[in-house]
Amino acid sequence: MMPLESLYGEVIKDHAASQHHGGLREPFDAEAHHVNPVCGDQVTLRVALKDAGDELIVADVSYEALGCQISKAATSVMTDLVIGKNVGDAMALHDEFLALMHSRGQAQPDEGLLEDAVAFAGVSKYPARIKCALLGWMAWKDATARALEEGYPQ
Amino acid sequence: MMPLESLYGEVIKDHAASQHHGGLREPFDAEAHHVNPVCGDQVTLRVALKDAGDELIVADVSYEALGCQISKAATSVMTDLVIGKNVGDAMALHDEFLALMHSRGQAQPDEGLLEDAVAFAGVSKYPARIKCALLGWMAWKDATARALEEGYPQ
Amino acid sequence: MTAGPLDVAAIRGDFPVLVRTVRNGRPLVYLDSGATSHKPRQVLDAEREFYERHNSAAHRGTHLLGEEATDAYEGARAKVAAFIGAGTDEVVFTKNTTEAINLVAYAMSNARCGRFAVGPGDEILITEMEHHANLVPWQQLCERTGATLRWLAVAPDGRLDLDDLEPMITGRTRIVAVTHQSNVTGTIPPVTEIARAAHARGALVLADAAQSVPHQPVDVTELGVDFLAFSGHKMLGPYGIGVLFGRGELLEAMPPFLTGGSMIEVVRMEGSTFLPPPQRFEPGVPAVAQAAGLAAAVDYLTGLGMASVAAHEESLTAHALDALGEINGVRILGPATTKDRGGAVSVEVEDVHPHDVGQVLDELGIAVRTGHHCAWPLHRALGVQASTRASFYVYNTHAEVDALAEGIRYAQRFFGTA
Amino acid sequence: MTAGPLDVAAIRGDFPVLVRTVRNGRPLVYLDSGATSHKPRQVLDAEREFYERHNSAAHRGTHLLGEEATDAYEGARAKVAAFIGAGTDEVVFTKNTTEAINLVAYAMSNARCGRFAVGPGDEILITEMEHHANLVPWQQLCERTGATLRWLAVAPDGRLDLDDLEPMITGRTRIVAVTHQSNVTGTIPPVTEIARAAHARGALVLADAAQSVPHQPVDVTELGVDFLAFSGHKMLGPYGIGVLFGRGELLEAMPPFLTGGSMIEVVRMEGSTFLPPPQRFEPGVPAVAQAAGLAAAVDYLTGLGMASVAAHEESLTAHALDALGEINGVRILGPATTKDRGGAVSVEVEDVHPHDVGQVLDELGIAVRTGHHCAWPLHRALGVQASTRASFYVYNTHAEVDALAEGIRYAQRFFGTA
Ligand SMILES: Cc1ncc(COP(=O)(O)O)c(C=O)c1O
Ligand SMILES: Cc1ncc(COP(=O)(O)O)c(C=O)c1O
């Protein structure tokens, strides 16, 4: 059964099974709680930023997530991608991933940029699942925006 | 054009042109105001009852009516029919006329009973016009009921 | 989009109902599109195609049919939004214009604070020209909240009396709700100007576009309104679907109206939170088949070109104003020319009640509307109790206008007034 | 009315969508009728026939088409009324169940006095088992009026905890709103008993019949409810039409909800009066085509016989309870037998998220619903976050139940949990 296997590839199964950077950690600058209203999946996610002089770095992302394979794996892959990046680059990744998700299976994802996240290309063929793949990203974006709004760093 | 001429027969045209018992008169026992919500036709109608010992008689019905030919004629014919009758017989006429109106052109109206009102048999083929033919009757029934409720005669 | 005149013969071929005969074996002359339009084969096919191939509850299933239904529904939303120059998320599907206007009126009484909250001392401004759908909901809002209803008067020529406009919009006016095209007189009030005046004093503006969106190009940005309401069934679409356009930031701030499934974010017994618009205003399984039908109607109209639609109706209206205007004993309600006037032509026939006029026309196969057309105060303002209305659409012909004039003359002769 | 078993093969022939293939060229196994049912050709034909022959605005025209539209609309009302044992004037057409329930909830906050007025100290009683459509409107009513929302708990077996019933109905309880068949667990609560208890304390009773009227014989008098709400689209009918049954004397006493055209008696700028029910609750041009479609759906179901429909579903449900119940790691939510239980079977598949179960089933051509099915508090009460639901109707077969069980086993193998 090809489509199913390409949707739930090894990368997704692995990340869903062992979520990287899981758990809620201190210190953090902002927290966000996001819900998928269709199924009640939820993620609570914390972001810690670090001022590296001329740029702002994503120092840590920690989370607790209830969800399906797609949603758990996407959050895990996301943390791998953004932790350590500067905030602007991480936001660009977010945008790239968002575009991929809305591509309806048409986009050629940039593996150099998205790394493991290219494994989610198959999800874009199933519009009902896009929200699953985006739940963690949305929470991250929201928490980061809050951290910035609250004037980090001051 | 047969259907039109059978709908607007001489009886209807005549009554519409010279409404019998028109105008609002004293004395009266009760008054009712009815409206056709579709076109704003209205009738204000008064009923005077008379206690004739063992029965109650419709002594007078007076009215002011705005309306189409059907509605004006039906009210006029109605007054001819009910004035002088005892209230029970007049109510029976009302029921008979109501049944005729809802007959969809199928009923054989009893001319001995309904007299000029048989001219409205054609109206029953046009459901949208039934309300026109009934407006005066409804007001009469309502006014009579009020007169009786208010305990006439005491 | 074609700019030229409509090919009415070809258009008529798309409307199965137009070939039927009515009373006395007469061909149907349908001049009641103001009440509801007919639907072309393309719209009926789109609905049927949805039911036969893709039927499913949108926004729910994680299965293929559910996905297709969601695409059909959201595709329709995007199409309708583009048709009126709105953002996709600014289009809320309702069942009709009536629900759309009630939605805004109830949201204003549901709001416990903020921009939408209405209370005693606040004012709602409407006009005497309104269809009951844009009148009674505001009366009810005032009853619920203690606010005061005010209204602009209609001049004898059927236009709004705009001298009153500035003084009537006070600092307490919360919303100005006005028709964008009268369903009785065809009058097209200067909504843009009214909106500007309202906004200058901080009031919101809602346009009842039930009779404008079907008949003329409408762009919400050009109009400058905050809300716009219309019905699918008057624009070649199915019954059971209507539209509320609302400016994004306003919908965002508005409390919900109808509540239930799929408009919620989190539900606990103790309380619930709600999704962003448009979902916030669309509880329950959506009317996807009707949305698909409406999308096909929009395609159909776009194919004709709304400018061409308006031009066709203007020419029929001009013809009707002439042909009816020259009949003795016939008085045309509302503007005497086609300037700022759409294709609803209502007349008073002296000494013949509209019901009787309508009856005669019906026997001739001509379908018009008689009565006050759900605009009773407007009739009062024009000094008539009721009227006979012809209203035109893309499939109507000049021959039908002639038949109408002939029919009215016939009615006059029949009732001995001519 | 046939009393015997359904001829499912013949029935399937009436549903064009059932012959289509879905993902991977698989035949469609549609087990999501709880969300929306498919519509037989007879229903689609009735709608189309209306549009192609009789299309017009009901209750408006004095012309032949208007008359035919009125007949179609009122004929549909009579048919629906007979179907549920109601008086014709006790049937109000709405757009769906959601609007029907909101209508009652808003009428209760519109009432300024009398039987329907709700205020602080008053109580509304619902259950944890409700669909959001019979939950959020009551939360909102309480927010608007200051009344208190109370609810009956759900026991671990998915039944209502009725020990609470008497104490929870207090002298201040104004209405008890309860589902007549859970859309998640299939549970059929003892509505008659609940209604008796409520009436004994002077409370009104509303049953959410969205999942009962399509699936079992329902008689409002036997049930003893004051209000009953359901949707056309779940009972083989079109979208865009639903029903509120209300007892005559109650509708008579109720203030209007949506307001606009054709529900008024007299309109003046200063205020309006309203028509008697059902018109009072049906402003705007009615959805006649959908009413005609719903009438055809009622005919179709009556032709099958509702007892036969219920028996067919019971046999599918029994089969599903067996076939799914014997799978390791699958937990059935709600009653384990078909006693007082309809044909919605929701399961938890251990360690496989419902979305992932649904995805696998979808690849196999099996359409189920995943999530909380608009009944989030019920899922909480049953200790699950979400579930996978199969729901059956007249066109489903035992082979499809087997396919479902096989599909769930496949999902378990695919995700390595079996
Ligand atoms: C039990 C129950 N109540 C209410 C509803 C709402 O029905 P609708 O969306 O047609 O208004 C549904 C279906 O979604 C339901 O299953
Ligand atoms: C100007 C106007 N507003 C509102 C309405 C109400 O539309 P609907 O009945 O589709 O809600 C109509 C049509 O009846 C109308 O002509």
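Which of these, A:A17, A:A32, A:A121, has the largest mean-square fluctuation under a Gaussian network model of chain A (Cα springs below 10 Å)? Result for chain A, Cα springs under 10 Å: A:A17 fluctuates most. With its label point put 7 Å out from Cα toward Cβ, C:G87 sits 5.1 nm from the same residue's point in the other copies, in order from shortest. Evaluated with a Cβ-only charge set (Lys, Arg +1; Asp, Glu -1), chain B carries a dipole of roughly 660 debye about its Cα centre, given to the nearest 20.
Compared with the direct C-alpha span, the chain from A:A59 to A:R25 gains 11.1 nm at full extension, assuming 0.36 nm per residue.
Summing Cβ point charges (Lys, Arg +1; Asp, Glu -1) relative to the Cα centre of the protein assembly as shown gives a dipole of roughly 300 debye. Each Lys or Arg adds one and each Asp or Glu takes one away; over the other residues whose Cβ falls under 14 Å from the Cβ of C:E193, this sums to -3. What separates the A:A92 label point from its copies, with the point 7 Å along Cα to Cβ, is 9.7 nm, written shortest first. Among the trypsin sites (Lys or Arg not before Pro) in segment C:321-354, those located in a DSSP loop and surrounded by at most 12 other Cβ atoms within 10 Å of their own Cβ are C:K339. Here the contact order of chain A, divided by its residue count and restricted to Cα pairs under 8 Å and six or more residues apart, works out to 28 percent. Per-residue shielding of C:88-100, expressed as the average number of other chain Cβ atoms within 10 Å of the residue Cβ, stands at 3.
Distance between the C-alpha centres of segment D:371-418 and segment D:339-353: 6 Å, rounded to the whole angstrom.
To the nearest ten degrees, helix D:64-83 and the longest principal axis of the Cα atoms of chain D are 60 degrees apart. When the Cα gyration tensor is reduced to axis lengths a ≥ b ≥ c, the ratio a/c is 1.5 or higher for segment C:264-319, and with a/b above b/c it is classed as prolate. Distance between the pseudo-spin-label points of B:E10 and C:R112 (7 Å out from Cα toward the beta carbon): 7.4 nm. With the cut-off at 1.5 for a/c, could you classify segment B:9-57 from its C-alpha gyration tensor as rounded, prolate or oblate? Judged from the Cα gyration tensor, segment B:9-57 comes out oblate (a/c at least 1.5, b/c at or above a/b). For segment A:8-129, the square roots of the Cα gyration tensor eigenvalues, ordered a ≥ b ≥ c, give a/c of at least 1.5 with a/b no greater than b/c, which places it in the oblate category. How many percent of Cα pairs in chain C exceed 28 Å? Summing the P(r) of chain C above 28 Å gives 49 percent of all pairs. Per-residue 3J(HN,Hα) values for segment D:275-291, derived from phi via the Karplus relation 6.51 cos²θ - 1.76 cosθ + 1.60 with θ = phi - 60°, read 6, x, x, x, 4, 3, 9, 10, x, x, 5, x, 7, 5, 4, 5, 5 Hz in sequence order (x marks Gly and Pro).
Pair-distance distribution P(r) for segment D:241-292, from all Cα-Cα distances in 10 Å bins starting at 0: 24, 51, 23, 3 percent. Reported to the nearest whole Å, the Cα centre-to-centre distance from segment A:13-30 to segment C:159-230 is 54.
Here each label is just a point 7 Å from Cα along the line to Cβ, and for A:D95 and D:D351 those points are 4.2 nm apart. Semi-axes of the equivalent ellipsoid for segment C:96-198, computed as √(5λ) from the eigenvalues of its C-alpha gyration tensor and ordered from largest down, come to 23, 16, 11 Å.
Can you list the residues of segment D:49-75 with backbone N under 13 Å from a point 7 Å past the Cα of D:T88, pointing along Cα to Cβ? In segment D:49-75, the label zone of D:T88 (backbone N under 13 Å from the point 7 Å along Cα→Cβ) covers D:70-75. Note on D:A253 and D:A307: with the Förster distance fixed at 25 Å, the Cβ-Cβ geometry gives a FRET efficiency of about 0.10.
Which values of log₁₀ I(q)/I(0), to two decimal places, follow from the Debye formula for segment C:229-379 at q = 0.12, 0.15, 0.16, 0.20 Å⁻¹ with a uniform point scatterer at every Cα? Computed log10 I(q)/I(0) values: -0.78, -0.99, -1.05, -1.28. Computed from Cα atoms, the angle from the helix B:69-82 axis to the main principal axis of chain B rounds to 40 degrees.
In this structure, the residue pairs whose Cα-Cα separation is over 25 Å, taken from A:K85/A:K125; C:K39/C:K95; C:K234/D:K95, are A:K85/A:K125. Computed over chain C, the per-residue total of -39500 (n - 2.57) for DSSP H runs of n ≥ 4 gives a 222 nm mean residue ellipticity of -11000 deg cm²/dmol, rounded to 500. Per-residue Karplus couplings for segment A:133-149, computed as 6.51 cos²θ - 1.76 cosθ + 1.60 with θ equal to phi - 60°, are listed in order as 5, 9, 3, x, 4, 4, 5, 5, 4, 5, 4, 5, 4, 5, 4, 5, 4 Hz, Gly and Pro entered as x.
Scanning chain D for the beta carbon that comes closest to the axis linking it by rotation to C yields D:G240, 1, distance in whole angstrom. Label-to-label distances for D:G121 across copies, nearest first, come out at 2.9 nm, using points 7 Å from Cα in the beta-carbon direction. Computed over chain C with a Gaussian network model linking Cα atoms closer than 10 Å, the most mobile of C:N328, C:N183, C:N396 is C:N328. Rg then Dmax, both in Å and based on the Cα atoms of the protein assembly as shown: 31.4, 111. Springs between Cα atoms under 10 Å define the GNM used for chain C, and in it the highest mean-square fluctuation of C:I264, C:I332, C:I241 occurs at C:I264. Taking segment C:385-407 and a reference point 7 angstrom along Cα→Cβ of C:T21, the backbone N atoms nearer than 20 Å belong to C:400, C:403-404, C:407. Computed from the C-beta positions of D:D164 and B:K50, the FRET efficiency with R₀ = 56 Å rounds to 0.30.
Coordinate-derived values only; no laboratory data. Everything numeric in this text was worked out from a predicted model, so none of it was measured. Virtual Cβ from ideal backbone geometry, glycine too; neighbours counted across all protein chains shown.
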